[in-house]
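K.L.:
The structure's right below; bear with me while I get my questions together.
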Amino acid sequence: LAMFAYGSALLTDQGYGSLQTGDAMYYMKSPVQHNLVTVNDIEDYLTEGTTSSYNTLSSGDGKELGFESNMQYDFVEYSTDLYSTSQLNQRSVLFVRSDNFWIVTDYAVPKSPEKENLFAQHWHLYPGAKITYDDNYVIRSNFDGANVKIVPVESNEIDEVRLVDTWYSEAAGQ
């Protein structure tokens with residue numbers, strides 16, 4: 001998922017690693033860099049030679065479940081079952097044209113629902129976003145122009161929000 005508005009990159013999809021090797025390649029091609037939800041083994045993508053499907057994730061690996069575009073909205077829904085600790089990952093994206101906002105909904109079913117599972121959502125904002133977040137875990141970019149807010153549906157179910165420096169590829173952000 002990448003997001004652009006008014007000529008600005010708001011969310012970047014950094015999940016490209018074709019020129020890198022080793023740990024750098026695994027990290028750049030991981031779901032973490034694609035603004036996706038991970039379940040339990042988020043560190044697995046850093047291990048070279050691992051059997052995790054993270055290492056083979058590509059843009060062609062998802063399945064489109066629905067798409068609709070008209071003058072009021074754009075909607076797409078897609079899924080994948082590639083993640084090693086999840087039997088299903090499904091995402092829907094709705095863009096409401098009149099109000100210029102997106103709603104992104106993720107649904108993930110772990111392979112072991114009977115045990116405690118750790119879900120993590122990773123977002124990559126464009127460098128220089130001057131990111132802030134409040135007590136309700138609403139994350140906001142603070143550009144001079146267009147901005148993005150990431151608003152959780154159930155903030156009482158969030159254990160932690162962290163701002164982490166990561167790798168950025170200018171070519172991948174285009």
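K.L.:
What number of residues within the range 6-31 satisfy the criterion of being among the hydrophobic types (A, V, I, L, M, F, W, C), open to solvent by 10 Å² or more (accessible area, probe 1.4 Å) and either modelled with pLDDT under 80 or in contact with a Ser or Thr (Cβ under 9 Å, 6 or more places away or on another chain) (or both)? Full working, then the answer.
P.N.:
Taking the range 6-31 first, the residues among the hydrophobic types (A, V, I, L, M, F, W, C) are 9-11, 19, 24-25, 28.
Narrowing the set further to residues that are open to solvent by 10 Å² or more (accessible area, probe 1.4 Å) leaves 9, 19, 24-25.
Pick out the ones that are also either modelled with pLDDT under 80 or in contact with a Ser or Thr (Cβ under 9 Å, 6 or more places away or on another chain) (or both) and you get 19, 24-25.
Residues in the range 6-31 being among the hydrophobic types (A, V, I, L, M, F, W, C), open to solvent by 10 Å² or more (accessible area, probe 1.4 Å) and either modelled with pLDDT under 80 or in contact with a Ser or Thr (Cβ under 9 Å, 6 or more places away or on another chain) (or both): 3 in total.
K.L.:
If you don't mind, there's one more thing I want to ask. Considering the range 93-118 alone, what residues qualify as being over 14 Å from Leu10 (Cβ atoms) and either surrounded by 16 or more Cβ atoms within 10 Å (Cβ to Cβ) or within 12 Å of the chain's Cα centre (by Cα) (or both)?
P.N.:
Narrowing the range 93-118 to residues over 14 Å from Leu10 (Cβ atoms): 94, 96-99, 103, 105-118.
Result: Thr105, Asp106, Ala108, Pro110.
K.L.:
I would also like to ask the following. Would you call Arg140 surrounded by 16 or more Cβ atoms within 10 Å (Cβ to Cβ) and within 24 Å of Gly7 (Cβ to Cβ)? So that I can check it myself, show each step before the final result.
P.N.:
On the way: surrounded by 16 or more Cβ atoms within 10 Å (Cβ to Cβ): yes; within 24 Å of Gly7 (Cβ to Cβ): yes.
In short, yes.
The values are calculated or read from the model by the stated rules, or taken from the named source; none is laboratory data. Remember, it's a predicted structure, so these values are computed and weren't measured experimentally. We place every Cβ from the backbone using ideal geometry, glycine too, and count neighbours over all the protein chains shown. For the accessible areas, the whole protein counts, side chains as well, though only heavy atoms, and no ligand, DNA or RNA atoms are used. Shrake-Rupley method; radii C 1.70, N 1.55, O 1.52, S 1.80 Å.
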